[in-house]
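Read the structure below first, then the notes.
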Amino acid sequence: MIPGGKRLVWPALLVLLAAGIALSLSVGPVRNADAWIILRLRLPRAALAVLAGGSLAVSGCVLQALLRNELATPYTLGISAGAGLAAGSLIIFHPAVPIILSVSAGFGGALAAAFAVWLISRSGGGGDAARILLAGATVNLMGASVLLLFEYFSPASRLVEIVRWMMGDLSAVDSTVPLFILPFALIGASIVAFRTGTLNQLAMGSDLASARGVRVGFERNVLILASSLLAGATVGAVGPVGFVGLIVPHAMRRLSGSDYRTLVPASAVGGMVLLLFADVVSRIVASPAEIPIGIVMALAGGPFFLFLLYRDRRMEE
């Protein structure tokens with residue numbers, strides 16, 4: 001943890017969150033936008049970025065605690081691939097899918113992918129973190145391959161929509177989209193919030209947690225369910241958006257410490273801030289056109305994560 005950073009992290013996060021919301025409401029291809037554009041287009045978009053960023057960051061934080069590995073995220077574990085396969089298939093084969101069906105399909109696909117990862121990791125008689133990560137990579141590749149196969153045989157008229165969705169899309173949003181994802185985000189976040197103390201125990205190892213009275217199997221399954229709920233609903237609504245669940249918990253851990261009672265809420269707000277500013281960048285760089293949010297996150301997330309790794313190495317020397 002950065003010396004003195006714990007005292008400043010919350011004021012800084014809240015200032016950045018307010019600044020991100022203000023920028024999101026003021027930036028766009030239309031200058032001097034009237035109240036209708038701000039309330040009906042930009043405000044729902046900012047709300048969706050807040051919900052998606054917070055959900056993905058908390059999901060990644062939970063998975064990193066359960067596996068005791070900072071590389072564990074909804075994407076590396078295949079959860080987002082399952083959500084993408086289910087929601088993307090609906091978009092390909094059924095035009096004008098209601099958003100509630102897409103969000104629900106994302107959750108169902110995420111849950112199925114998590115179960116598949118569990119089965120594969122247990123097939124060899126083990127269930128350690130390395131085996132789970134390998135199983136997640138397998139499910140991730142399989143889900144992406146099946147979705148590509150569906151795209152290959154789909155009508156050409158549907159390809160543009162599905163390709164744009166796969167890049168992450170916050171642009172095609174109205175006031176109903178954040179309302180549909182809100183219950184999923186609230187339920188998943190509430191489950192995690194009431195188990196931050198349990199996360200502290202599980203992060204120290206299953207044996208120690210069990211010795212302290214934690215029902216390891218039950219709590220792990222509940223937390224995986226909550227993580228799948230958060231990531232799956234988000235992917236169903238906005239498409240795959242990478243790096244949020246990887247970078248934010250990693251960065252917040254160094255700013256707020258490793259206590260999950262503070263790390264989980266800090267990660268939630270950090271994810272909101274990150275996706276808000278990434279969305280602002282996506283609207284500014286190629287204005288009046290937009291760059292998909294997934295591309296912005298991929299371009300910014302990779303170098304930033306390498307910077308964190310390099311900084312950690314220098315601090316250890």
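Here, each number is a calculation from the coordinates, and none is a lab measurement. Please read all numbers here as calculations on a predicted model, not as lab measurements. Positions of Cβ are backbone-derived with ideal geometry, glycine not excepted, and every protein chain shown enters the neighbour counts.
Subtracting the Cα-Cα distance of ASN69 and PHE218 from 0.36 nm times their residue separation leaves 51.6 nm of extension gain. Take the chain, connect every pair of alpha-carbon atoms lying under 10 Å apart with a spring to form a Gaussian network, then pick out the residue of LEU225, LEU39, LEU274 with the largest mean-square fluctuation. Maximum fluctuation in the GNM of the chain, among the listed residues, is at LEU39. Highest GNM mean-square fluctuation among LEU56, LEU246, LEU182, for the chain modelled with Cα contacts below 10 Å: LEU182. Couplings 3J(HN,Hα) for the stretch 265-275, derived from phi with the Karplus relation 6.51 cos²θ - 1.76 cosθ + 1.60 (θ = phi - 60°), are x, 5, 5, 4, 5, x, x, 4, 4, 4, 6 Hz, where x marks Gly and Pro.
Footprinting exposure proxy ranking of VAL146, VAL273, fewest other C-beta atoms within 10 angstrom first, gives VAL146, VAL273. From least to most packed, judged by other beta carbons within 10 angstrom and beginning with the fewest, HIS250, HIS94 follow the order HIS94, HIS250.
Residues within the reach of a label modelled at ARG40 (point 7 angstrom out along Cα to beta-carbon, backbone nitrogen below 16 Å), restricted to the stretch 284-300: there are none. For the chain, the residue among GLY60, THR262, SER24 whose Cα projects farthest onto the positive side of the dipole built from Cβ charges is THR262. When the square roots of the Cα gyration tensor eigenvalues are ordered a ≥ b ≥ c, the ratio a/c for the stretch 5-316 is 1.5 or more and a/b does not exceed b/c, which makes its shape oblate.
Using the 10 angstrom Cβ neighbour count as an exposure proxy, how do ARG254, ARG45, ARG122 rank, fewest first? Don't skip to the end; give the middle numbers.
Working: ARG254 16, ARG45 23, ARG122 13.
Exposure proxy ranking, most exposed first: ARG122, ARG254, ARG45.
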